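Following: one structure in structure tokens, then a few remarks.
The values are calculated or read from the model by the stated rules, or taken from the named source; none is laboratory data. If you're wondering where the values come from, they're calculated on a predicted model, not measured in any experiment. Methodologically, a virtual Cβ is constructed for each residue, glycine included, from the backbone with ideal geometry; neighbour enumeration extends over all protein chains shown.
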Amino acid sequence: MTASIRRGVIYSFDAAAWTAVVQLDGSVGEVVMPVGEWVPSGMLALDDGVAVLLFDDSNPDDGLIVGPYGGVSGWNYPALSGLTTGQPLRATGAAAAAFGALDLANANAVTGALPHGKGGTGLSATPSNGQLPIGNGSGYTLAALTGTANRVSVSNGAGTVTLSGPQDLHTGASPTFAGATLNGDLSLSGNLSGANWVRATTYSPTWSGTGSNPSLGNGTLQARYARLGDLVIVWLLVTMGSTTTYGTGVWEFTLPVSMGGAGRFVIGMAQALDAGVADYVGVCRGDDTTDRLRAIFSSGATAGPTTPHAWGSGDSLALTFAYQA
């Protein structure tokens with residue numbers, strides 16, 4: 001028993017039984033033969049050539065019509081006409097199929113998750129409020145955004161993620177900060193305001209003499225300074241006590257910040273008080289080679305143990321000086 005493919009010619013077609021009367025080449029009679037379910041009825045018209053699979057060459061009744069025989073380019077395949085590019089063949093019933101759009105909401109049409117390598121996420125879990133697919137190095141993980149304390153707060157809702165800061169920072173806002181450090185220039189379009197935008201800081205200067213050093217004893221030495229950029233302003237007040245000694249030579253006071261530029265030519269104010277007797281007004285001058293401050297009075301003498309007067313308990317020396325650091 002040998003199977004073979006033979007050419008045949010249709011004489012009639014029974015759509016109810018899905019059979020056809022066909023005459024095989026080389027035969028004088030016709031036989032009724034089943035037709036493959038995939039063969040469109042439009043290819044089974046009178047005198048159409050068909051290909052017949054004979055399971056036994058010696059028995060022409062034992063065969064199956066498997067399709068058209070020869071060229072069919074001039075014939076419009078009915079099941080493939082009017083298609084839209086890209087549409088797949090899908091089951092439309094228990095024993096029916098058609099080309100059309102794939103229904104992704106149909107659980108029978110799709111299974112599993114589209115991997116990230118094919119343009120999907122590889123995730124099948126339902127995300128909770130605010131969760132997003134976030135790359136993890138090998139795919140995606142469902143996770144919510146996390147904020148940073150005092151910087152960014154995250155509020156998750158149904159279909160929403162809201163990010164907020166501790167205060168408004170837009171161009172019309174007036175944010176408040178406990179402090180700020182700037183490494184570049186500060187550009188202002190308005191004015192600096194507030195009682196504390198520049199604050200004075202205390203410091204402890206050294207009071208010395210070019211011969212021998214004075215000793216404060218029970219007197220007081222108060223010193224403060226403020227700095228704005230490279231501008232330094234110094235306030236200094238020495239009040240003599242009953243045990244204060246005055247050393248020898250010219251008096252000098254150290255500055256809080258090293259001077260820069262031509263410091264020898266920077267001049268400040270000086271006041272010497274001879275308690276109950278007189279006030280003396282002079283100037284003070286900084287030396288950028290020693291970073292020290294001296295007071296000079298109208299007599300041309302620099303402040304010292306007897307200049308501009310003999311010092312005693314209750315007397316004071318006040319200096320105000322501004323310079324470039």
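Here is a list of conditions, (1) in a strand (DSSP E or B); (2) modelled with pLDDT under 95, and SER299 meets all of them except one; can you say which number that is? The number of the failed condition is (1).
Of the strands (runs of 3 or more DSSP E) lying entirely inside the range 145-251, those carrying at least 3 residues that are polar (S, T, N, Q) and not assigned by TED's automatic domain parsing to the domain that holds GLY268 are 153-157, 160-164. Applying the criterion of being of a type in the set (D, E, K, R) and within 48 Å of the chain's Cα centre (by Cα) to the residues of the range 224-283, the residue that is modelled with the lowest pLDDT is ASP230. In a strand (DSSP E or B) and either touching a Ser or Thr at 6+ places or on another chain (Cβ under 9 Å) or farther than 17 Å from VAL234 by Cβ (or both): is that true of PHE321 in this structure? Here the answer is no, as PHE321 does not meet what is asked. None of TRP251, TRP311 is touching a strand residue (DSSP E or B) at 6+ places or on another chain (Cβ under 7 Å) and surrounded by 15 or more Cβ atoms within 10 Å (Cβ to Cβ) except TRP251. Taking the criterion of being assigned to a loop (DSSP other than H, G, I, E, B) and over 15 Å from GLY67 (Cβ atoms), the residues of the range 10-35 that qualify are ALA15, ALA16, ALA17, ASP25, GLY26, SER27, VAL28, GLY29, GLU30.
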